[in-house]
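A short worksheet on the structure shown next.
The values are calculated or read from the model by the stated rules, or taken from the named source; none is laboratory data. This one's a predicted model, so the numbers in the text were calculated from it and none came from an experiment. Neighbour counts run over all protein chains shown; Cβ positions are idealised from the backbone, glycine included. Side chains are part of the model used for accessible areas, which takes the heavy atoms of the whole protein and leaves out ligands, DNA and RNA. Shrake-Rupley method; radii C 1.70, N 1.55, O 1.52, S 1.80 Å.
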Amino acid sequence: MPKKKHNAIFQTETEKIYENIYEIDITHNRAASEATKQYFSSLGIPKNTPYDQALQFIAQKQVKEEFQAGYLFTFSPEHILQVYQDGKDTLSYDFMFTNDNGEHYYWMRITVRIFYWDEDKSVSMFVYRQNIDSSKRQEQEMVEKWRKTP
């Protein structure tokens with residue numbers, strides 16, 4: 001199969017699982033892909049804003065208040081570097097997220113894959129955002145039913 005066709009199929013199938021995929025250069029504290037830069041821009045984050053500052057903005061604008069501290073800690077550059085130094089290359093966080101200024105929230109899971117980029121000798125991460133609302137709500141319903149069972 002030609003490489004272009006393979007990449008197109010891979011992209012299509014990946015998009016069925018993940019809402020968005022972004023790339024962050026942790027070492028240089030910046031967005032590392034055009035999609036990430038466009039996402040930051042769509043939120044009103046000024047061009048070339050460092051990642052750690054963009055993270056704060058995203059938390060305030062899109063993450064439900066009770067999840068903001070965990071979100072900021074989990075995806076802070078310092079924590080990502082510590083996780084990588086500890087020999088781990090993946091971490092995830094489930095939280096409530098909004099796209100409409102807080103009118104409606106839904107469950108989101110962010111999974112990051114941390115890697116070393118040889119070209120510029122940096123630690124970077126791919127950020128995979130996945131809408132898990134239906135499965136999380138179903139899980140919560142089952143827990144409630146279990147609690148009510150004598």
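Lys pairs in the range 56-139, Cα-Cα under 29 Å, at least 8 apart or on separate chains: how many? Don't jump to the answer; show the numbers that get you there.
Details: K61/K136; K64/K88; K64/K136; K88/K121; K88/K136.
Qualifying lysine pairs in the range 56-139: 5.
Sequence-ordered 3J(HN,Hα) estimates for the range 131-144 from the Karplus curve with 6.51, -1.76 and 1.60 and θ = phi - 60° stand at 6, 10, 4, 5, 5, 5, 5, 5, 4, 5, 4, 5, 4, 4 Hz, glycine and proline given as x.
Rounded to the nearest 500, the 222 nm mean residue ellipticity of the chain from helices alone is -14500 deg cm²/dmol, with -39,500 (n - 2.57) taken per DSSP H run of at least 4 residues. Subtracting the Cα-Cα distance of R147 and D120 from their residue separation scaled by 0.36 nm leaves 4.5 nm. For the chain, the ratio of Cα radius of gyration to the globular rule of thumb 2.2 N^0.38 Å stands at 1.17. Across the range 39-124, the mean sequence separation of Cα contacts (distance under 8 Å, 6 or more residues apart), normalised by length, yields a relative contact order of 22 percent. Using a probe of 1.4 angstrom and keeping all protein chains present, the accessible surface of the range 19-138 works out to 55 square angstrom per residue.
Spin-label model, Q60 to D94: label points 7 Å out along the Cα-to-beta-carbon direction sit 2.9 nm apart. Remark on the range 94-150: hydrodynamic radius 14.1 angstrom, per the Kirkwood mean of 1/r across alpha carbon pairs.
Go through 90-101, 20-31 and give me the packing order, highest mean Cβ count within 10 Å leading.
Numbers: 90-101: 14.4, 20-31: 19.2.
Highest-to-lowest ranking by the protection proxy: 20-31, 90-101.
The length gained on full extension between K47 and Q138, counted as 0.36 nm times the residue separation minus their Cα-Cα distance, comes to 28.8 nm.
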